[in-house]
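> Dropping the structure in here first, questions after.
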Ligand code: SF4
């Protein structure tokens, strides 16, 4: 599946100077069962809040050349931040081909579930699915214990790897303002692709003349072929 590949290329180009941490070299940061409440007075800083730009999106590919288990960081790490900062978390998943049966639906459902259900200790995530942003409040305690994006990313990688069909996981963290601002519009584009894909898998009629998703198909290479091919 190549539906998200153009967005992957654009994202990786913008994150060109990011540091790479191979997943095998990282120990996952501990996670909790459910979201932890961190009060403002306990916080060291917030990511993606207080007027700072923020973005959160997930991209999927079947091309191993675009994937690989690693964490990328562009901008200061959690240990180097002195105050609130811009923030983006972008996930690139390499998966098996998404099938048109229940397994395909289930894979998309589970990938969306994991996006909002990893709870690193001392790292309170607040997501907004409508504005495609993510805010994180990091506790002073976690900073004292040495929290780093590499270890948080490894916790995400381990959770994603439990989803059947997921082969490799790349997690990008950005605290670089310019890069977050460049990539921010991609969050809506990625969401449009995922929603269109879900509708297609749901058995949407192949009537382009009356379809509200036409603008997505006009822009995303392979979407129309996928739907019309599915009908055949
Ligand atoms: S191929 Fe046509 S019918 Fe199918 S989602 Fe795209 S515009 Fe809609």
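> With springs connecting C-alpha atoms under 10 Å apart, model the chain as a Gaussian network and identify which of 93, 26, 183 has the largest mean-square fluctuation.
Its mean-square fluctuation being the largest, the pick is 26.
> Also: Evaluate the distance, in nm, between pseudo-label points positioned 7 Å from the Cα of residue 99 and of residue 219 along their respective Cα→Cβ axes.
3.2 nm
> Out of all DSSP beta bridges with both ends in the chain, state the antiparallel percent to the nearest 5.
Expressed as a percentage, antiparallel bridges in the chain total about 60.
> Sticking with this structure for a sec: In a Gaussian network model over the chain where Cα atoms closer than 10 Å are linked, find which of 216, 136, 60 has the largest mean-square fluctuation.
Fluctuation is largest for 216.
> In addition: What is the fewest-to-most order of 170, 144 by other Cβ atoms lying within 10 Å of their Cβ?
Fewest-to-most Cβ neighbours within 10 Å comes out as 144, 170.
> Moving to a separate point now. Can you compute the modelled spin-label distance between residue 77 and residue 208, with each label point 7 Å from Cα toward Cβ, in nm?
So the label points at residue 77 and residue 208 sit 5.0 nm apart.
> Could you check the simple spin-label distance between residue 177 and residue 25, using points 7 Å along Cα→Cβ, in nm with one decimal?
It is 3.0 nm.
> Let me know the whole percent of all Cα-Cα pairs from the range 36-162 that are separated by more than 23 Å.
When all Cα pairs of the range 36-162 are counted, 34 percent exceed 23 Å.
> Over the chain, what relative contact order in percent results from Cα pairs under 8 Å that are six or more residues apart?
Taking the mean separation of contacting Cα pairs over the length of the chain, I get 31 percent.
> Also, quick follow-up: For the range 67-128, what class follows from the C-alpha gyration tensor (a ≥ b ≥ c being the square roots of its eigenvalues): rounded when a/c is under 1.5, otherwise prolate if a/b is larger than b/c, else oblate?
prolate
> Where is the GNM fluctuation largest for the chain (alpha-carbon springs, 10 angstrom cutoff): 72, 201, 174?
Of the options given, 201 has the highest mean-square fluctuation.
> On to the next question. When only alpha-carbon atoms count, how far does the chain stretch along each of its three principal axes, as whole angstroms with the largest first?
Cα extents, longest axis first: 58, 33, 32 Å.
> When the helix-only estimate is applied to the chain (DSSP H runs of n ≥ 4, each -39,500 (n - 2.57), divided by the residue count), what is the mean residue ellipticity at 222 nm, nearest 500 deg cm²/dmol?
-10000 deg cm²/dmol
Laboratory data are not the source of any read-out in this text; all were calculated from the coordinates shown. Quick caveat, the model's predicted, so the values are computed rather than measured. Cβ sites come from the backbone with ideal geometry, for glycine too, and all protein chains shown count toward neighbours.
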